[in-house]
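Bear in mind these aren't lab numbers, they're just calculated from the coordinates by the rules spelled out. This is a predicted model, so every value here is computed, not measured. Virtual Cβ from ideal backbone geometry, glycine too; neighbours counted across all protein chains shown.
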Amino acid sequence: MITGVIKNKVDKIWTDIWAGGITNPLVVIEQLTYLMFIRSLDEKEIETEELESMSGEKMEKIFPQTDTGQMMRWSRFKDKDPREIYNIVSKMVFPAIKSMHDGHLPDITPEGNIQEEVEEGRRETSFARYMGDAIFLIPTPQVLQKIITGLEDLYTNDISELDMQGDLYEYMLGKLATAGQNGQFRTPKHIREMMVELIAPTPDDIICDPACGTAGFLVSAAEYIRENFEDTMTEKQWASYSGDMFTGFDTDRTMLRISAMNLMLHSIGNPHVEYMDSVSKDNIISSKFTVCLANPPFKGTIDAESINENLKMVSNTKKTELLFIALFLRMLKKGGRCACIVPDGVLFGSSKAH
């Protein structure tokens with residue numbers, strides 16, 4: 001549960017970033033996301049090292065076992081001089097996470113040059129996949145140090161477990177109160193939870209949000225499954241839970257980075273989040289999912305040429321809300337179920353498409 005103390009600390013970090021000149025809430029969350037991800041990698045590495053010393057077995061590491069590789073760890077750079085921290089994060093850690101494959105960071109020089117080729121067959125994490133066009137925007141060493149100190153204080157004193165990390169991220173995402181350019185709008189948590197309870201997903205479901213935004217619906221579905229089935233899930237169901245069970249599509253790469261991070265903070269290690277315009281010809285998915293949960297965009301224009309023909313056959317329109325309903329019908333398996341938010345026009349519109 002996020003308390004007033006934690007909210008005050010988050011708001012303080014937020015104010016420090018605003019004072020540094022970053023005022024767009026989406027950019028603030030994006031920059032915080034990178035730093036939270038960097039910290040979570042070091043936490044995982046520390047766990048691996050503890051396991052290694054207990055078992056005596058060699059284990060695969062995230063960070064390269066070189067001097068520069070170890071410099072990139074949060075626990076090693078967090079207490080350094082602000083200018084040194086800034087150099088390490090902007091020139092070394094940031095380029096390295098942009099080239100992360102199979103949970104492994106490449107070795108890098110202090111100038112930011114990657115020192116190793118990516119091995120054939122190594123997979124990118126969902127988060128790293130969308131880091132290609134990410135930009136490090138924190139303006140000064142002082143602002144970066146304040147954020148790192150604030151996050152470190154939060155994590156060490158206030159949030160110990162994974163659920164709390166997820167709640168913290170949810171609180172930050174709650175600051176995205178305004179709708180985006182194409183009508184993206186974050187669905188309030190209590191409405192998402194009500195929709196998930198009505199659908200009642202199980203560990204055998206395959207769940208999709210074709211307009212996922214920050215992945216709120218997928219997170220709510222994951223929390224519902226853990227609350228209700230955690231003690232009875234089989235190994236196969238857990239494997240599905242951390243990988244194929246959750247799928248999200250979006251046309252905004254920033255949102256995809258944020259949603260991958262959000263899912264990872266909720267124990268979904270390798271979520272399937274993809275860049276795709278769900279109602280376009282690129283999306284040919286049919287009869288694949290057992291559950292669809294969504295709050296699709298209702299505004300913004302759509303290119304009539306790009307709309308998938310089999311959606312137009314159901315409802316010949318440019319209205320995204322109608323196209324998404326046709327899409328849910330196509331993507332769901334027989335007997336699948338869907339909860340989605342629609343504007344009242346869907347119920348009362350009198351055009352032929354409606």
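Annotations
- Across segment 178-348, Cα-Cα distances exceeding 26 Å account for 24% of all pairs.
- Helix axis angle, 216-229 relative to the chain longest principal axis, alpha carbon, degrees: 80 degrees
- Straight-line reach from residue 288: taking Cα to Cα under 22 Å and skipping same-chain neighbours fewer than 8 places apart, the lysines in range are 236, 312, 333, 334.
- Added length on full extension, which subtracts the Cα-Cα distance from 0.36 nm per residue, residue 286 to residue 342: 18.0 nm
- Of all DSSP bridge pairs formed entirely within the chain, close to 20 percent run antiparallel.
- Between 0 and 90°, nearest 10: helix 4-19 axis offset from the chain longest Cα axis: 80 degrees
- Helix 320-331 vs. the chain, principal-axis angle (Cα, 0 to 90°, nearest 10): 90 degrees
- Cysteines without a disulfide-compatible partner [the chain; Cβ-Cβ under 4.7 Å]: 208, 212, 340
- Under-13-angstrom lysine pairs by C-alpha in segment 4-172, whenever the two are 8 or more apart or on separate chains: 5
- Using the Cβ-Cβ distance between residue 55 and residue 235 with R0 set to 25 Å, the FRET efficiency works out to roughly 0.80.
- Nearest-0.05 FRET efficiency for residue 19 and residue 81, computed from C-beta distance (R0 30 Å): 0.90
- Segment 178-348, relative contact order [Cα under 8 Å, separation at least 6], %: 26 percent
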